[in-house]
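The values are calculated or read from the model by the stated rules, or taken from the named source; none is laboratory data. As the structure is a prediction and not an experimental result, all values here were calculated from the model. Positions of Cβ are backbone-derived with ideal geometry, glycine not excepted, and every protein chain shown enters the neighbour counts.
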Amino acid sequence: MNTVTSPPDITDEVEENFAKGRQNSGRLVIDWYRPVEVDAMVTLTGVALLVNLFLLPIELLRGGDGALLHGLEIAGLVWLWTAARSLSRGLMRTTIPILAAGICFIPTILSLRLATLVQAGSGSGGSGLTVWDLWSAGWVVIPAGLAFFAFSSRAVVAWSTGTLSMAGSEAGLARNSRIRPLIERAASHAGLLHAATFVLIPAVWILDVAVSPGNALGGNIGDAFSTEHFTKVLGGDSFWIWLRNSIAVSLGTTFVGLALAVPAGYAFSRFKFRGRDAAMYSFLLVQMFPGVIILVPYFLVMKSLGLLNTWAGLILAYSVTALPLCVWMLKGFFDTVPRELEEAALLDGCNQAQVFRKVILPLSLPAVAVTALFSFLAAWNEFLLALTFNTSNDMYTLPVGLASMISATGQAWGDFAAASLLVSLPVAALFIVFQRFLIQGLSAGGVKG
């Protein structure tokens, strides 16, 4: 009896081939496209890990259980960073990175609770959480929180599981191009905010000491306000005497230094003469030695010339000290000025002095302004030579006068902070006024040609 063989059932084979095709398509999508959030979280968790490794020695010095909890935070960040890297390579799904991000919160919450309990036990009151505690915890909570939400988003989950279609990956690439500039801008602002904060913390602290009554360095910022220190400093005669001396010495140093450095820099840039290279290298050699080495010879010279307790002595010393740097800066700028301009001026009938005065010097105003600013600031902030050459309070400059406020018998920290802020105002004003010249002068001498 003949049996009829039924045709093979191809439904299972079609479904199997379709599943393999979908799997291969998902693998292709993972290799071809990656959400920008994944790369951003890999970078963020890596930076957070480095920051917390830097904070670990500080926590060890503080002692207590905080160092142990901080070690657990680092371990959680290591796990989170490793999982994020594996996810970015398509080696795992989002389950483990999400779990690692959630676990990072546990030691941070415990450390914050510990800080609160320690503060309450000391009887000082308050919340017990300092700015340092909150900032340190932020470098764990914020990266972990962002990673938790990023890895649990629909786009990342669909991409990691391979269920994202080719059309979806194309839409994801367009989404990456929109989101990536926002993430880069946010990262740049966060880095600049940290840099500005570290710069402003000492300034805010000094301002708080200056406007707080008494002479205490501690206390909470902004807990009291008083202008007694500014009134005392500005109402006395000593500050105005120190200010007069500093202005006279700084301006004199600037003019004398420029009168020597400008022609010297032009000569080294344009003319070939015997000993030129040796002189330039000797300028660099002088800058290698600290100023304290020449302190005793300077003092003997000033004493023999009768220039102790005089403006002229300080101007002469400061001008000679700043001369090598000024000459090198101006030479670098003069090298960038085309020689054809000088040759054209010579053909028009100008002599060498007229070429320098009418052609080179007007073009060199940005570099001259920068050199003048550095000369002024060097004389304005110098302390050691002013302390050595001046023994009278009537000849003190501002740095020496400020140092006299802090002695072994008494420390007028409030007056010192107020005077420091007043001394810094001219420097800040000069940088604001000369900002355009600073950019032009510093960039112009950096490239030759």
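For the reader, a short list of remarks on this structure follows.
So that you can scan it fast, the table gives a plain yes or no per residue for (1) among the polar types (S, T, N, Q); (2) in contact with a Gly (Cβ under 8 Å, 6 or more places away or on another chain); (3) assigned by TED's automatic domain parsing to the domain that holds residue 56; (4) at pLDDT 90 or above:
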site	(1), (2), (3), (4)
92	no, no, yes, no
114	no, yes, yes, no
129	no, no, yes, no
132	no, no, yes, no
153	yes, no, yes, no
170	no, no, yes, no
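- Residue selected from segment 407-435 under the condition of a type outside the set (A, V, I, L, M, F, W, C) and under 20 Å from the mean Cα position of the chain (by Cα), by the criterion modelled with the highest pLDDT: 424
- Of residues in segment 148-162 being part of a loop (DSSP other than H, G, I, E, B) and in contact (Cβ under 8 Å) with a residue 60 or more places away in the chain, the one surrounded by the most Cβ atoms within 10 Å (Cβ to Cβ): 162
- From the list 377, 347, 385, 300, the lone residue that is free of Cβ contacts under 8 Å to residues at least 24 places away in the same chain and closer than 30 Å to residue 240 by Cα is 300.
- Residue in segment 39-49 that is modelled with pLDDT of 70 or more, surrounded by fewer than 17 Cβ atoms within 10 Å (Cβ to Cβ) and touching a Ser or Thr at 6+ places or on another chain (Cβ under 7 Å) present: yes
- Test for residue 327: is it assigned to a loop (DSSP other than H, G, I, E, B) and in contact with a helix residue (DSSP H, G or I) (Cβ under 7 Å, 6 or more places away or on another chain): no
- Pair list, Cβ under 7 Å, 6 or more apart: segment 312-340 residue under 13 Å from residue 264 (Cα atoms) and outside the structural domain of residue 277 (by TED's automatic domain parsing), other residue surrounded by 22 or more Cβ atoms within 10 Å (Cβ to Cβ) and of a type in the set (Asp, Glu): none
- Verdict on residue 365 being farther than 29 Å from residue 215 by Cα, in contact (Cβ under 8 Å) with a residue 12 or more places away in the chain, surrounded by fewer than 20 Cβ atoms within 10 Å (Cβ to Cβ) and out of contact with any strand residue (DSSP E or B) (no Cβ under 7 Å at 6 or more places or on another chain): yes
- Here residue 286 qualifies as under 30 Å from the mean Cα position of the chain (by Cα) and over 30 Å from residue 416 (Cα atoms).
- Hits in segment 365-418 (condition: within 30 Å of residue 436 (Cα to Cα), in a loop (DSSP other than H, G, I, E, B) and β-branched (Val, Ile, Thr)): 397
Table: residues versus (1) among the β-branched types (Val, Ile, Thr); (2) in a helix (DSSP H, G or I).
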site	(1), (2)
164	no, no
176	no, yes
180	no, yes
185	no, yes
193	no, yes
203	no, yes
207	no, yes
210	no, yes
256	yes, yes
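- Residue list for segment 264-275, filter: closer than 20 Å to residue 364 by Cβ and without any contact (Cβ under 8 Å) to a residue 40 or more places away in the chain: 267, 271
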